[in-house]
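The values are calculated or read from the model by the stated rules, or taken from the named source; none is laboratory data. No experiment lies behind these values; they were computed from the predicted model shown. Note: ideal-geometry Cβ built from the backbone for every residue, glycine included; neighbour counts use all protein chains shown.
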2 protein chains.
Amino acid sequence: MQTAVPLLREIERLPQPYLLFLGDIVEPAYAKTAFGLRDWARERCIGEFACHGGTVSAGLAPMTPAQARAAGARSLVIGVANPGGRIPDSWLPSLLQALEAGLDLVGGMHARLGGIAALSGAATRFGRRLIDLREPPRDIPVASGAKRSGKRLLTMGTDCALGKKYTALALARAFAARGIDADFRATGQTGILIAGGGIPMDAVVSDFAAGAAEMLSPDAAADHWDVIEGQGSLFHPAYAGVSLALLHGSQPDVVVVCHQPGRERVLGHPGFALPGIEETIALALQLGSRTNPAIRCAGVSLNTSHLDEADALRLLANESERLGCAVADPMRGGAAFEQLVEDCLV
Amino acid sequence: MQTAVPLLREIERLPQPYLLFLGDIVEPAYAKTAFGLRDWARERCIGEFACHGGTVSAGLAPMTPAQARAAGARSLVIGVANPGGRIPDSWLPSLLQALEAGLDLVGGMHARLGGIAALSGAATRFGRRLIDLREPPRDIPVASGAKRSGKRLLTMGTDCALGKKYTALALARAFAARGIDADFRATGQTGILIAGGGIPMDAVVSDFAAGAAEMLSPDAAADHWDVIEGQGSLFHPAYAGVSLALLHGSQPDVVVVCHQPGRERVLGHPGFALPGIEETIALALQLGSRTNPAIRCAGVSLNTSHLDEADALRLLANESERLGCAVADPMRGGAAFEQLVEDCLV
């Protein structure tokens, strides 16, 4: 975990380093984006800034927007989400202060920064940008299906929200630690903040979704790896189409299937049983072979955060035995994760 | 072919009947939309209108916008596409004349009607609407996956542009001719004009694509059929995600697989072999069973427009024998098509 996550190079990069904005929240659970940035993109974060009344910290140096700007910051990133995804009026003085100090604003909430008149007026006045992470790039092409140079890995899940982003980040970091030229390719808002760029797949018009995936991981050197953040699941009743478009457009050489042991129903869709790991591997290879006949599964990533260490290690070993492939929890690292990394790179 | 195509009821309906606009084109190939409307929605078309210099006719009564309005027309529909999908300046006087006469304008071209200042100004002045068919409805929900009442049929293809819309239209018409309460559900621009409403699936943001399909075919009476126009193909390198979202959201009880004999490569993607019919049926049932475990394939629709009658009938019989199911060309009708209709309804 020593090396930084490799940068995204070709897709438009966010203005950085960031000053993390923590609002006036008092509940750490609402600061997941800030914590993710601290854990995965510490080198992009110059400090943190909270409104009066806020009690949550990401453990970075507290500073005002003017101090952060003087220290090199280029943008203030909204690192918290309050219930409802709105930007409360109590945040506006702080956000205006950041614009005046010369920082762009970056947000990934449902409420668009550009839709708040006070902010758009101030941004124009100070010559600053309001960047909404839910806006995909313009002029995404229809996918060509043409083979691209370089190597690609895609994390795929049995469901949403069980570790596809963290697995991709951990693998990209481990690849880089071995001296391999690798990029983490972000497809969701938190991932985009961590990578400094990317494409919000959930916001792309469906006819262009596979094209967006092609655009996200362009031609590269033969020994270069793109490690692509997966989205949804091929079995998801609402999002399977997004997952398939991402699979087809990514043309992965390698997939790593992510699962949370014990989860039995699709999150938010209790009428749907979660697919098995074997079933998920089989469907990923069956459908992925359409655009990359050489696709293979290198192993499985399990989110064992709810288990103690001994139980987790026993489960990983048993599952590896049962499935006949590397099975690791990237957040625990260790020999199992080393094996998974090895098996991705063979 | 006596009965009208059943109406789409719940999705916002287009202002109709239509006056078909033929522009100043001299090449019939550019009038496909007008011809499709004439063939499938004759009862929605009150007449046709061309600019000076235009030589193409759809065979309807020629009339001015004012005459059409007096005869009951509610909108002028752009029924032609010139190369590039642009609206040439030479059309503007005619379009302005229609607005002034009290007709809304409906277009499905790349160029948005609302993006042309002369038209948007006149529309405001005359209190008329400019309707771009590429605009999906607002507030499409994320798919729930919940089972809906009523029966559903989805046409699915081995590729794009080989008869999914015409097959769905012909089946909906045949169902209605048997006294069955059925709706044709349109998912593309020409289909939407024919049905008088629908959702342009290609314009829906990918996270909501399955939700759009759910919205398009809502709960209905137990013996009601929605006959849904398919899009793309599950094997298409650019559009498979759209096809899968439409399949999951439609929850079809019955699929009919559409193919054009002799087509061997994916249209516009010559690096990809077309999948076989059996393979397409198998994947449709495999993936479709996620949201409707009772899904079945009722038969196959072949586009034999390039064959003479004797060759076509021989091919249909041979393919029916080989595949062990009904195989028909809906445009030829006959006993084979009757069999396909029967097998959809059993």
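List of remarks:
- Tally, over the stretch B:75-109, of residues that are among the aliphatic types (A, V, I, L, M), under 20 Å from residue B:13 (Cα atoms) and part of a loop (DSSP other than H, G, I, E, B): 2
- The stretch A:140-150 - residue that is more than 30 Å from residue A:95 (Cβ to Cβ) and within 14 Å of chain B (Cβ to nearest Cβ) and, of those, surrounded by the most Cβ atoms within 10 Å (Cβ to Cβ): A:143
Each row is one residue, and each column tells you yes or no for (1) assigned by TED's automatic domain parsing to the domain that holds residue B:334; (2) modelled with pLDDT of 95 or more; (3) in contact with a Cys (Cβ under 8 Å, 6 or more places away or on another chain); (4) more than 22 Å from residue B:287 (Cα to Cα).
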position	(1), (2), (3), (4)
B:146	no, yes, no, no
B:157	yes, yes, yes, no
B:168	yes, yes, no, no
B:172	yes, yes, no, yes
B:177	yes, yes, no, yes
B:183	yes, yes, no, yes
B:188	yes, no, no, yes
B:195	yes, no, no, yes
B:200	yes, no, no, yes
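- Remark: pairs (first residue in the stretch A:296-321, at positive phi; second residue surrounded by fewer than 17 Cβ atoms within 10 Å (Cβ to Cβ); Cβ separation under 8 Å; 6+ apart in sequence or on different chains) are absent.
- Whichever residue in the stretch B:196-207 is surrounded by 24 or more Cβ atoms within 10 Å (Cβ to Cβ) and either small (Gly, Ala, Ser) or over 18 Å from residue B:108 (Cα atoms) (or both) and, among such residues, is farthest from the other protein chains (Cβ to nearest Cβ): B:198
- Any hit, the stretch A:276-286, residues being buried (at least 23 other Cβ atoms within 10 Å of the Cβ) and touching a residue at least 60 places away in the same chain (Cβ under 8 Å): yes
- Looking across the stretch A:37-46, the residues that are part of a helix (DSSP H, G or I) and under 14 Å from residue A:184 (Cβ atoms) come down to A:37, A:39, A:40, A:43, A:44.
- Restricting the stretch B:117-139 to residues that are assigned to a loop (DSSP other than H, G, I, E, B) and more than 17 Å from residue B:228 (Cβ to Cβ), the residue that is nearest to the other protein chains (Cβ to nearest Cβ): B:134
- Of all residues in the stretch A:208-220 being touching a Ser or Thr at 6+ places or on another chain (Cβ under 7 Å) and surrounded by fewer than 24 Cβ atoms within 10 Å (Cβ to Cβ), the one that is farthest from residue A:43 (Cα to Cα): A:219
- Residue in the stretch B:311-320 that is more than 14 Å from chain A (Cβ to nearest Cβ), out of contact with any Pro (no Cβ under 6 Å at 6 or more places or on another chain), within 30 Å of residue A:271 (Cβ to Cβ) and of a type in the set (Gly, Ala, Ser) present: no
- You will find that of B:332, B:314, the residue that is in the same structural domain as residue B:157 (by TED's automatic domain parsing), assigned to a helix (DSSP H, G or I), over 30 Å from residue B:147 (Cβ atoms) and out of contact with any Gly (no Cβ under 6 Å at 6 or more places or on another chain) is B:314 and no other.
- Considering the conditions (1) part of a helix (DSSP H, G or I); (2) surrounded by 21 or more Cβ atoms within 10 Å (Cβ to Cβ), residue A:252 is excluded by exactly one of them, (1).
- Residue check for residue B:307: touching an Asp or Glu at 6+ places or on another chain (Cβ under 8 Å) and under 18 Å from residue B:166 (Cβ atoms): no
- Test: residue B:317 is touching a helix residue (DSSP H, G or I) at 6+ places or on another chain (Cβ under 8 Å), farther than 30 Å from residue A:272 by Cα and of a type in the set (Gly, Ala, Ser): yes
- Among the residues of the stretch A:135-151, those that are closer than 19 Å to residue A:192 by Cβ and over 16 Å from the mean Cα position of the chain (by Cα) comprise A:137, A:138, A:139, A:140.
- Sole residue being of a type in the set (Phe, Trp, Tyr), assigned to a strand (DSSP E or B) and within 24 Å of residue A:249 (Cβ to Cβ), chosen from B:272, B:235: B:272
- Tally of residues being more than 10 Å from chain A (Cβ to nearest Cβ) and touching a His at 6+ places or on another chain (Cβ under 9 Å) across the stretch B:246-266: 3
- Those residues of the stretch A:208-245 which are touching a strand residue (DSSP E or B) at 6+ places or on another chain (Cβ under 8 Å), closer than 19 Å to residue B:213 by Cβ and either more than 8 Å from every other protein chain (Cβ to nearest Cβ) or of a type outside the set (Phe, Trp, Tyr) (or both), in sequence order: A:232, A:233, A:234, A:236, A:237, A:238, A:243
- Any hit, the stretch B:111-132, residues being polar (S, T, N, Q), crowded, with 20+ Cβ neighbours inside 10 Å and touching a Gly at 6+ places or on another chain (Cβ under 8 Å): no
- Residues (hydrophobic (A, V, I, L, M, F, W, C) and either crowded, with 18+ Cβ neighbours inside 10 Å or outside any loop (DSSP other than H, G, I, E, B) (or both)) located in the stretch A:52-74: A:56, A:58, A:60, A:66, A:68, A:70, A:73
- Residue that is surrounded by the fewest Cβ atoms within 10 Å (Cβ to Cβ) [pool: residues in the stretch B:21-36 that are part of a helix (DSSP H, G or I) and touching a helix residue (DSSP H, G or I) at 6+ places or on another chain (Cβ under 6 Å)]: B:36
- Residues that are surrounded by fewer than 23 Cβ atoms within 10 Å (Cβ to Cβ) and within 26 Å of residue A:109 (Cβ to Cβ) were ranked within the stretch A:176-189; the one that is farthest from the other protein chains (Cβ to nearest Cβ) is A:189.
- You will find that of B:247, B:267, B:274, the residue that is hydrophobic (A, V, I, L, M, F, W, C) and farther than 24 Å from residue B:199 by Cα is B:274 and no other.
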